[in-house]
Amino acid sequence: MAYLASILGLWNDESFASNLFWGIGLLGLVLIILQAVLGIFAGHDGDTSSSGSLDIHGGHGGGGGIVSIKTVSAMLLGFGFGGAIFEQNGFSAGISALGGIGIGAVIGAIYFALMHSVYKLRSDGTSVLTEAVNHSGTVYIRIPGNTSGAGEIQVSFGGRLQNIRAYTRGLELPTGTPVRVVALYGDNALLVEKLS
């Protein structure tokens, strides 16, 4: 509690730039905490990926995109608190901003490298995708219709809940739609249909 009071004291006594850095850092921290709470209590990791984000599997869209809420949260945390640390050590607002950008970029890159390793392990055979066929799951990231693009589903197989890239031959499947896995689609994706 004393730490929070000291932060609030800094907020009132410091320059606009320092307050801005603290605010951005706290926003990043709050977003990370919310994502953790969603992961623990709702079974959702609080992340999204847009169809325009670069995918670590070499395509576009799907899970593991570079631009995600988690990556942005990590970068905000590094930029805000990093900038505040520079400012507290007597650097100008411009130098503090550059330092914060550098720290945010490093934290974002570390986060992405860790997530890339996790996704690579998942796609390198920690479970066999054929085990997912005929299992039901839920759309996690919307799946465009007519196999025009990949989305992602959450499906339990191999003893755990997994997020897997997925396609559908039918109409677009929005997030939250219950689906059934009907077949493999390529080497690392599934073909699904809406459960009736």
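Could you go through region 74-88 and let me know if any residue there is modelled with pLDDT of 80 or more and closer than 30 Å to N188 by Cα. Within region 74-88, one or more residues are modelled with pLDDT of 80 or more and closer than 30 Å to N188 by Cα.
The rows are residues; the columns are (1) surrounded by fewer than 20 Cβ atoms within 10 Å (Cβ to Cβ); (2) modelled with pLDDT of 95 or more; (3) of a type in the set (V, I, T).
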| residue | (1), (2), (3) |
| --- | --- |
| L98 | yes, no, no |
| I107 | no, no, yes |
| V133 | yes, no, yes |
| I143 | no, yes, yes |
| I153 | no, yes, yes |
| G159 | yes, no, no |
| A189 | no, no, no |
| V192 | no, yes, yes |
| L195 | yes, no, no |
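Please count how many residues of region 163-176 are farther than 10 Å from V192 by Cα and either surrounded by fewer than 19 Cβ atoms within 10 Å (Cβ to Cβ) or touching a Cys at 6+ places or on another chain (Cβ under 8 Å) (or both). Adding up the residues that qualify gives 5. The residues listed here are S196, S156, S136; of these, the one that is touching a His at 6+ places or on another chain (Cβ under 9 Å) and of a type in the set (S, T, N, Q) is S156. Going through (1) modelled with pLDDT of 85 or more; (2) touching a strand residue (DSSP E or B) at 6+ places or on another chain (Cβ under 8 Å) one by one, L31 falls short only on (2). Of all residues in region 143-187, those being in a loop (DSSP other than H, G, I, E, B) and either under 20 Å from M115 (Cβ atoms) or without any contact (Cβ under 8 Å) to a residue 60 or more places away in the chain (or both) number 18.
The values are calculated or read from the model by the stated rules, or taken from the named source; none is laboratory data. As the structure is a prediction and not an experimental result, all values here were calculated from the model. No Cβ is skipped: glycine too gets one built from the backbone with ideal geometry, and neighbour counts run over all protein chains shown.
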